[in-house]
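Inspection log for the structure reproduced underneath, given as structure tokens.
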Amino acid sequence: MRDEHAAEHAGKDWLWLAVLPLILFGYLLWEISRTPLPWQFQLEWVPSLELGIDLYVDGLSAQFLLLITGIGTMVLVYASGYMAHDRQAGRFYKLLLLFMVAMIGAVSADHMLVLFLCWELTSLVSFFLVGFKYTDEQARASARTALFITMGGGLALLGGLILLSQIAGTWSLQGVIAAGAGLHDDPRLPAALTLLFIGCFTKSAQFPFHFWLPNAMTAPTPASAYLHSATMVKLGVYLLARLDPAFNELLFWEITLIAVGTITATWAAVLALRERDLKRILARSTVSALGTLVLLIGLPGESSSLAVVAFLYAHALYKAPLFFVAGSIDHATGTRSIDHLRGLRRQMPFTAAAAMIASLSMAGLPLSFGYVAKSVASVAKAESELMALAGYGLLLVNAIAVAVAAVAAIRVFWGPANQAFDQVREVSWRMVLPPLLIAIIALEFEFIPTFADPVLVDAARAISTSNSFTPSFAEPQAGTMITVAEITLLIGVLLFVFWERLHRFLERFSILERFSCAGFFDRLLKGLPRLAAWHTRLLQHGRLDSYMRVTLLAMLGIASGAWLVIEPGWPGMPGDLGGWRDQAWSLGAAAVLIMAGALAAPFMHNRMALLMSIGLVGYGSAVLFLFAGAPDVAFTQFMVETVLVVVAVTVLTRYGVPIRYTEPRVRNALIAVAAGAGTFILLLQMFSLPADLGMPLWFAEKSLPEAYGQNVVNVILVDFRALDTFGEIVVVAFSAIAAWPLLRRKRKHGSNG
Amino acid sequence: MIESHISLLLVVIPLLAAPVTALLPGVRLPWLTALLVSWVCFALAIWQFALVMDGSVISYELGGWAPPWGIEYRIDIVNAFVALIVAGMAAITLPYALRSVEQEIPKHQIPLFYSMFLLCMDGLLGITLTGDIFNLFVFLEISSLSSYTLISMGRQRRALTAAYQYLIMGTIGATFLLIGIGLIYAETGTLNMADLSNRLPAVFSHHTVHTAFAFIVVGVALKLAMFPLHLWLPNAYTYAPSAITVFLAATATKVAVYVMLRVVFTVFSTGFTSDTPTDDMFLLLGVLGVLVASFYAIYQGDAKRLLAYSSVAQIGYILLGIGFASALGVTAAVVHIFNHALMKGALFMAVGALVYRIGSSHITQFSGVGRQMPWTFGALVLGGLSLIGVPGTAGFISKWYLVLAAIEQQAWLIAAVILVGSLLAVVYVWKMVEVLYFRPASDTGETYREAPLSLLVPTWLLVIANIYFGLNADLTVGAATTAVQVLGGIPQ
């Protein structure tokens, strides 16, 4: 924004875009008052996959839809001021609108895959928004973290949803809820729920995946207010709340949610005290609020569902304005560090007013919607007996929320003015109106509950276990709860007063950084390439001889494996060796030749000699053929061996291949011996069985009468199986054609290296 | 008239056109000939596919010699489907090849290049269409030989080394295959695959048959780059000319997978493999392939090599489908053969377009180019999403069926591996996206124009196909389901 070139490149005014969500918002309100929830809608997509676009909007979805469109309108208005001088504003709006569509799809989908698709789309958009200032290394790293955590969680979610659909036999969320307790006994359920938890916890930044959210604050502030506070990060909470009626009775469900929610709420609240950046403080407190929501979902009992929706609403309505305020301050002063920010109320009176009203709600003070939410929540907690411990944890959490609210409203705007900010002026109306409006609406809900009631009650009913449940915002009972609220307030004020001291105290625990999940994740990311590098060196080093060893060993292993599968038995000696005694001398000579060549090969240090000794093996087999009644094959073999040796020697000398041969001899010899032994056994095996002579006899019989040829071999080659011969001719011919330019090229390059 | 000879025409036309192409002068004329031939083949392949789509089988006897004595071409939906992929990819790669090849290959070699391209396509088509296992080997030789030559034409000197490595490894694989074929011929006295499937059950208990099976499986596994026999593939794909990488990545390994399907299910059948640890081997090596190759991919600095490793991982997914040996698993494998051809084709084309402008496939050279070449970048992103398996893309459909198959077999661990593999894919796809889009352009101040239309149009055709087959899976899934019934030997 403070780009020097910015002014001259001031982008188009995108304010009109805000009309789109506004129309949708109005339409929703009108429709809700007219048509009773739930609404349903179905569209076929891939029938073979049972994939369809099934939408189901009940109270809970409607609540989210109102938040998405309502706050979305305000975010667009705010952004039109915030991004006014940014050349990339167009891209920003496109992403925001895409996000809105994905979000609307996610909360109104009934088909679990449609939900998943939209869910992943929000992760993707979030990635691009976090990395919006892509020239900043920090932004890129944060975007990467956010993508890995939420996308990885998304995959776990997919696994969980697939399992869940297999268990319930339906892809419909409503179907799963309807099946409800009937699913509890399935042995696959714990696995499904674990995957589901990972998906929801990563999205909603629950411990131990909480660290991506504060880092995601590199996104432009309107995006942070929208995605990372009011809507997207609540998707995990949404899904958990949605499924709560089905699994609320399950101990595993309850314990996990309560434990993770409590740990997240407390831990994030404490970490908020360590931050200096106003926006990061708010992010930490968002994580803490998300933890509280998860905890509330995990609580048994009916008033907890009312508490969930009330707190969800309250949080969205106070956190979004506070983010806007943080953005406005940053925009006006150029800093977000609370070390420098003070006394801004004179320069920025309207922003200060918005901050005050929103903070009232955040602190849960009377006259605010936050107060209503908090009192409903404490009723929920009071209902459950095992909640005592969690209750005390939450006392601290709420107290820190009070302190954070005080920092945002009092510390920044009151106190002595900072001289550096004398030139600061109030931001434009586009950035003042949204926080003020949302904060006032939240305030108004307390005074005119008739307006908020129906939607919230519908939402609460949607996620409560029993059908007969009729929640209402009865005035909280006077007594214990008020006392708890007072204690919370007191501790909160104390925390605010001693904020600096606490901060310095916590600062000393730098060990927190080292053992934080973010650090672990960082090391993991850096470690993976190292592991891959090590592996690559081990296996993929580019040495052909080693590749060949691997291949031969694989073959040997698999062949002997195949051998061992059926009961290993030694083949007997072949019965009829066809008068070999008559030719004992010639066959013996051939065998001596072959063995001499084979035995000599491993001891050769000279490539030429090596070639010769291998050639000896070839000549030996040719002699064998000669006396075994196949003189034509024998002569072919003689030719091949001779030509091979000549060509190889020519190539070796011509291209200056080192004469000395330095391969790992013993290892290669062992592999060769093993391969030879394997082949020997194989051949014995083959000859112990009678050969099927059907085909040769047929060829011999038909050759003359049908193919008019005396030489059976020739007829097979050129008639019965002519295509094979043709194919081989093509291979040989094209080898020559292909080799020619290669050789020419080689010679050309050969001269210079 | 033509209809009854389609299968032979598919093999004969490119085989005869190849030498002619090699003799044509200039650059455009050989290209035009090859293009024409590939389009004719594509049309014939579509026609042929339509004929057998209902699950019927066409038998064509070469020279009128009845099987099993003569060579038989036996067309069913399985090989018609694979032939469609091969001819289709050739038809779409050739328009792309013109500009890319002009830049990468010396002018005097270009006629030879197109000639070899046709020969390679011919070999792959021959492998798929023939019903004779020795004839299959002959065409395997043709396709291998031409691909060695094509790879060696890459512009870097290391292309020669890569081609040589592939030649040695490929020859070993082919030899194993030949030994295996020889062994089963000795056992059964026939080379016709349909005939073999009738005669083999009688000798299932013989050691020789088991050994033969092992030789054939290893030989084919080398060709399809099954982990850990994939060692030749990364270099070959990295140093080959861009157009060849596109074509080979999309077809060569797929055809080898087809051969594996045929051997395992048609020739031998699950009646044989269920007594052996074959399925477990496929599952184990599939899992290892997915995990290890994805890890390698993350580490790579060269975009082509990164995608090559990703191919090894994708082969792992297909092997998982084969290893499940269930109707659902093999359906997933067949669908993924098709879908992977689409996504890898699109991705290698996009990278090829980058190489065309930048002159290097090294990722560090891509800094900020994504904003200068938005269309190429968009294709890369969408192809990458398909590779990851994001819903709405073709990749999702195959992963989907694979996960279902894993769940059906209660193989939770493998289902988890499939999902983890997707996560790793996010990492390596993102690695390219980050550099292309988020890194500032290099300091040299060099800006690159968008790739020419002749490169962009084929790329985007494949990208759109990725989206289309992700939204409408009826054709692919329907064909795969019928294919599984036709393959035989799989318990339904």
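Structure notes:
- Global form of segment B:327-401, assessed from the alpha-carbon gyration tensor, a/c cut-off 1.5: prolate
- Dipole magnitude for chain B: computed about the Cα centre from +1 point charges on Lys and Arg Cβ and -1 point charges on Asp and Glu Cβ, it is near 1360 debye.
- Orientation-averaged projection of the protein assembly as shown equals 53.1 nm² [convex hull of Cα atoms, one quarter of hull surface area].
- If you model segment B:277-492 as an ellipsoid using its alpha carbon gyration tensor, with each semi-axis the square root of five times an eigenvalue, the axes come out at 34, 18, 12 Å, biggest first.
- Overall shape: oblate for segment B:37-194, with the ratio a/c of the largest to smallest alpha carbon gyration tensor axis at 1.5 or above and b/c at least equal to a/b.
- Shielded residues, segment B:61-98 - accessible-area loss of 20 Å² or more between chain alone and all protein chains, probe 1.4 Å: B:Leu62, B:Trp65, B:Trp69, B:Ile71
- Where N is the number of residues in segment A:622-734, Cα Rg divided by 2.2 N^0.38 Å: 1.54
- Principal axis box of chain B, alpha-carbon based, largest edge first, Å: 72, 56, 40
- Here the average projected area of the convex hull drawn through the C-alpha atoms of segment B:1-55 stands at 3.9 nm².
- Ignoring the sites themselves, chain B has its longest run without GluC sites (Glu not before Pro) in a DSSP loop having at most 16 other Cβ atoms within 10 Å at B:1-445.
- Relative compactness, segment A:100-253, computed as alpha-carbon Rg over 2.2 N^0.38 Å: 1.06
- Average accessible area per residue (Å²) across chain B - probe 1.4 Å, nucleic acids and ligands excluded: 27 Å²
- Within segment A:665-712, chymotrypsin sites (Phe, Trp or Tyr not before Pro) in DSSP loop having at most 13 other beta-carbon neighbours inside 10 Å: A:Tyr708
- Inter-part distance where segment B:19-61 and segment A:302-378 are each reduced to a Cα centre, Å: 69 Å
- The contact between chain A and chain B removes approximately 8600 Å² from the accessible area (both sides summed; 1.4 Å probe; ligands, DNA and RNA excluded).
- Listed by chain and number, the lysines placed with their C-alpha closer than 18 angstrom to that of A:Lys526 are B:Lys431; residues fewer than eight positions away on the same chain are left out.
- Computed on the Cα atoms alone, the convex hull of segment B:373-492 gives a volume of 127 cubic angstrom per residue.
- Residues in segment A:702-723 occluded by at least 40 Å² - accessible area, probe radius 1.4 Å, against chain by itself: A:Phe720, A:Arg721, A:Leu723
- Stretch in chain B that is longest and holds no trypsin sites (Lys or Arg not before Pro) that DSSP places in a loop and that have at most 16 other beta carbons within 10 Å: B:158-448
The values are calculated or read from the model by the stated rules, or taken from the named source; none is laboratory data. These numbers were taken from a predicted model, which means no experiment stands behind them. Positions of Cβ are backbone-derived with ideal geometry, glycine not excepted, and every protein chain shown enters the neighbour counts. These area figures cover heavy atoms from the full protein model, side chains too; ligands, DNA and RNA do not enter into them. Shrake-Rupley method; radii C 1.70, N 1.55, O 1.52, S 1.80 Å.
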